[in-house]
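Colleague: This is the structure, below, for whatever I ask next.
The values are calculated or read from the model by the stated rules, or taken from the named source; none is laboratory data. In this text, all values refer to a predicted model and were calculated from it rather than measured experimentally. We place every Cβ from the backbone using ideal geometry, glycine too, and count neighbours over all the protein chains shown.
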Amino acid sequence: MEIIETFVNHQKIAELRSEKVFFTTVEEAKQLMVDLYYQGFDEIVLHEKNIIHLFFDLKTGMAGEILQTFSNFKMKLTIVGDFEKYESQSLRAFISESNKGGLINFK
């Protein structure tokens with residue numbers, strides 16, 4: 001995994017890049033967020049291709065639990081990808097609502 005560090009408006013941002021999935025469980029996702037939080041990052045940018053597909057199946061509860069942890073730590077998260085390929089109306093509504101809040105964004 002490569003961490004690309006940038007600063008925007010005095011915010012330290014970690015963009016994670018890899019050819020592999022970053023986490024396969026909620027606990028691994030939380031640990032990744034906590035590790036970056038304690039390294040002083042204010043925001044994490046993940047690419048959709050590096051996130052386990054179960055995350056995008058809202059019935060699993062994975063997305064809700066992971067994003068709640070980000071909210072608790074007030075850690076911004078941007079997920080970059082092609083979300084049009086997901087046919088779930090619930091997921092589309094979830095993405096739309098998340099983008100309104102400013103803390104969690106899908107682009």
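Colleague: Hey, can you tell me all the residues within segment 67-88 that are at pLDDT 95 or above and either among the β-branched types (Val, Ile, Thr) or not in a loop (DSSP other than H, G, I, E, B) (or both)?
Modeller: Within segment 67-88, Lys76, Leu77, Thr78, Ile79, Val80 meet the criteria.
Colleague: Filtering segment 72-107 down to residues that are in contact with a Gly (Cβ under 9 Å, 6 or more places away or on another chain) and surrounded by 13 or more Cβ atoms within 10 Å (Cβ to Cβ), which residue is farthest from Leu32 (Cα to Cα)?
Modeller: Phe94
Colleague: So, one more: Residues Ser98, Ser71: which one is under 14 Å from the mean Cα position of the chain (by Cα), within 19 Å of Gly40 (Cα to Cα) and not aromatic (Phe, Trp, Tyr)?
Modeller: Step by step, each of Ser98, Ser71 is checked, and only Ser71 is under 14 Å from the mean Cα position of the chain (by Cα), within 19 Å of Gly40 (Cα to Cα) and not aromatic (Phe, Trp, Tyr).
Colleague: I've got another one for you. With respect to Arg17, is the statement that it is in contact with a His (Cβ under 9 Å, 6 or more places away or on another chain) and basic (Lys, Arg) true?
Modeller: yes
Colleague: Determine if segment 6-28 includes at least one residue that is part of a helix (DSSP H, G or I) and either touching a Gly at 6+ places or on another chain (Cβ under 6 Å) or surrounded by fewer than 18 Cβ atoms within 10 Å (Cβ to Cβ) (or both).
Modeller: Checked against the condition, which is being part of a helix (DSSP H, G or I) and either touching a Gly at 6+ places or on another chain (Cβ under 6 Å) or surrounded by fewer than 18 Cβ atoms within 10 Å (Cβ to Cβ) (or both), segment 6-28 yields at least one hit.
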